[in-house]
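The values are calculated or read from the model by the stated rules, or taken from the named source; none is laboratory data. Since the structure is predicted, the reported quantities are computational estimates derived from the model, not experimental observations. Note: ideal-geometry Cβ built from the backbone for every residue, glycine included; neighbour counts use all protein chains shown. For the accessible areas, the whole protein counts, side chains as well, though only heavy atoms, and no ligand, DNA or RNA atoms are used. Shrake-Rupley method; radii C 1.70, N 1.55, O 1.52, S 1.80 Å.
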Amino acid sequence: MLLNLKNLKTYYRMDNKIIKAVDGVSFQLKSGENLGLVGESGCGKTTTAKSINRILPTNGGIVAGEINFQGRDLARLTEQELNKVRWRDIAMVTQSAMNALNPVYKIGEQMVEAFQTHINISKQEALDRSAHLFSLVGLEKSRLNDYPHQLSGGMKQRVVIAMAMALDPPLIIADEPTTALDVVVQDGILKQFVYLQNKINSSIILVTHDISVVAELCQRTAVMYAGRIMEQGSTREIFKEAYHPYTLGLINAFPTLEAAKEELISIPGSPPNLARELNGCRFKERCPFATELCEKDPEIQEVADQHLVACHYPGRVQEFREKAVLPAT
Ligand code: ATP
């Protein structure tokens with residue numbers, strides 16, 4: 001197992017309040033496998049991603065849990081030890097990563113510096129490897145002589161992806177990697193990225209609220225809601241046979257998907273405030289099946305091989321489908 005997250009809890013402190021952004025998240029990832037982490041805005045996806053390689057803002061911290069990666073618990077490594085893991089073993093691509101390119105240095109110089117910080121390599125070797133990476137992500141090698149402002153947003157994000165791939169890291173965390181870009185550019189870059197990563201047998205955690213991307217690119221899917229994972233399993237099963245009402249609602253919010261051709265289903269209401277004490281099932285206020293039992297936290301159940309659901313009533317989704325179909329307006 002490449003990554004084994006066990007009961008991770010990451011909280012933020014703000015204005016004397018504790019925001020339980022990630023509140024007991026567990027999942028596993030095998031080598032070479034892609035996991036799509038999906039859910040509505042504010043459910044804790046980015047916090048989960050940032051927890052893994054410990055780049056949380058200063059008001060945030062891991063309060064419990066384990067992040068087992070290649071035999072070590074990242075939650076317990078020192079900053080010095082982590083610096084050896086970051087980029088080399090776990091690279092991260094974020095929506096705003098391209099803004100981190102330094103405007104006063106040429107792209108090539110920045111690539112060389114990044115290489116030389118992590119591995120013992122000559123300037124020429126670093127430039128040659130950069131040129132090779134550029135060809136993989138569809139950039140002319142002459143772009144190495146450009147300054148960031150001479151590149152479009154799409155090109156800059158390709159640079160960032162090339163940098164993330166530079167040392168063939170076993171894990172890449174891509175947090176909405178293309179959201180800031182034009183939709184057509186987004187699609188092309190993302191597909192190319194996943195294709196390349198899989199060629200070098202890296203795993204990707206793809207954080208997104210666009211589940212159609214996950215359906216296409218990830219073997220496994222985890223659905224997050226209010227700081228917890230509600231359902232996880234193979235993407236094929238999640239999209240064809242969702243067991244959690246929230247998963248189904250999420251899938252059906254994307255009517256372009258194969259699995260969601262029937263009718264539009266909406267999930268009424270909004271997610272709970274994570275600064276409040278939450279008891280029982282976090283989805284209960286929005287769930288048409290909620291009963292008194294849902295005042296109790298649901299146990300995680302394995303409904304099929306490696307298909308886990310946190311619901312007292314897994315399988316009622318068919319009923320949900322009928323109940324929640326909205327009349328056309
Ligand atoms: P999005 O899709 O909008 O990025 P997300 O699912 O990635 O959302 P997070 O960004 O992890 O969710 O946020 C989870 C919760 O933590 C939210 O309630 C958010 O307001 C809160 N949060 C995130 N960052 C901070 C911070 N630096 N300080 C305080 N609260 C934060």
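It is to be established whether one or more residues within the range 21-37 are closer than 18 Å to residue 53 by Cβ, more than 16 Å from the chain's Cα centre (by Cα) and modelled with pLDDT of 95 or more.
Within the range 21-37, none of the residues are closer than 18 Å to residue 53 by Cβ, more than 16 Å from the chain's Cα centre (by Cα) and modelled with pLDDT of 95 or more.
The rows are residues; the columns are (1) part of a loop (DSSP other than H, G, I, E, B); (2) of a type in the set (Ser, Thr, Tyr).
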site: 1; (1), (2): yes, no
site: 11; (1), (2): no, yes
site: 19; (1), (2): no, no
site: 102; (1), (2): yes, no
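Does the range 195-204 include one or more residues that are assigned to a strand (DSSP E or B) and touching a residue at least 12 places away in the same chain (Cβ under 8 Å)?
Among the residues of the range 195-204, at least one is assigned to a strand (DSSP E or B) and touching a residue at least 12 places away in the same chain (Cβ under 8 Å), which makes the answer yes.
Which of the residues spanning the range 111-130 are within 24 Å of residue 194 (Cβ to Cβ) and open to solvent by 20 Å² or more (accessible area, probe 1.4 Å)?
Within the range 111-130, 114, 118, 129 qualify.
All but one of (1) farther than 24 Å from residue 2 by Cα; (2) not in a loop (DSSP other than H, G, I, E, B) hold for residue 84; state the number of the condition that does not hold.
Tallying (1) farther than 24 Å from residue 2 by Cα; (2) not in a loop (DSSP other than H, G, I, E, B), residue 84 fails exactly one: (1).
Okay, residues lined up against (1) at pLDDT 90 or above; (2) touching a Gly at 6+ places or on another chain (Cβ under 6 Å); (3) under 30 Å from residue 19 (Cβ atoms):
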{"position": "197", "(1), (2), (3)": "no, no, no"}
{"position": "206", "(1), (2), (3)": "yes, yes, yes"}
{"position": "210", "(1), (2), (3)": "no, no, yes"}
{"position": "225", "(1), (2), (3)": "yes, yes, yes"}
{"position": "230", "(1), (2), (3)": "yes, no, yes"}
{"position": "235", "(1), (2), (3)": "yes, no, yes"}
{"position": "249", "(1), (2), (3)": "no, no, yes"}
{"position": "266", "(1), (2), (3)": "no, no, yes"}
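All but one of (1) farther than 28 Å from residue 246 by Cβ; (2) surrounded by fewer than 22 Cβ atoms within 10 Å (Cβ to Cβ) hold for residue 4, so report the exception by its number.
All conditions pass for residue 4, except number (1).
For the range 271-288, what are the residues that are within 16 Å of the ligand (Cβ to nearest atom) and touching a residue at least 24 places away in the same chain (Cβ under 8 Å)?
Those that are within 16 Å of the ligand (Cβ to nearest atom) and touching a residue at least 24 places away in the same chain (Cβ under 8 Å): 271, 272, 274, 275, 278, 282, 283.
Just name the residue that is nearest to the ligand (Cβ to nearest atom) out of those in the range 2-24 that are in contact with a strand residue (DSSP E or B) (Cβ under 6 Å, 6 or more places away or on another chain) and of a type in the set (Lys, Arg).
20
Any residue in the range 63-90 that's closer than 24 Å to residue 120 by Cα and small (Gly, Ala, Ser): show its pairings with residues that are modelled with pLDDT under 95 and in a strand (DSSP E or B) at Cβ separation under 8 Å, as long as the two are six or more apart or on different chains.
Final answer for the pair search is none.
Among the candidates 84, 50, 20, single out the residue that is more than 23 Å from residue 278 (Cβ to Cβ), basic (Lys, Arg) and out of contact with any Pro (no Cβ under 7 Å at 6 or more places or on another chain).
After ruling out the rest, the residue left standing is 84.
Considering only residues that are open to solvent by 20 Å² or more (accessible area, probe 1.4 Å) and either under 18 Å from residue 282 (Cα atoms) or within 9 Å of the ligand (Cβ to nearest atom) (or both), which ones fall in the range 25-59?
Listed by number, the residues that qualify are 26, 40, 41, 42, 46, 50, 56, 57, 58, 59.
For residue 75, state whether it is in a strand (DSSP E or B), open to solvent by less than 40 Å² (accessible area, probe 1.4 Å) and in contact with a Gly (Cβ under 7 Å, 6 or more places away or on another chain).
Here the answer is no, as residue 75 does not meet what is asked.
Name the single residue that is nearest to residue 107 (Cα to Cα) among those in the range 136-194 being of a type in the set (Lys, Arg) and surrounded by fewer than 16 Cβ atoms within 10 Å (Cβ to Cβ).
My answer is 141.
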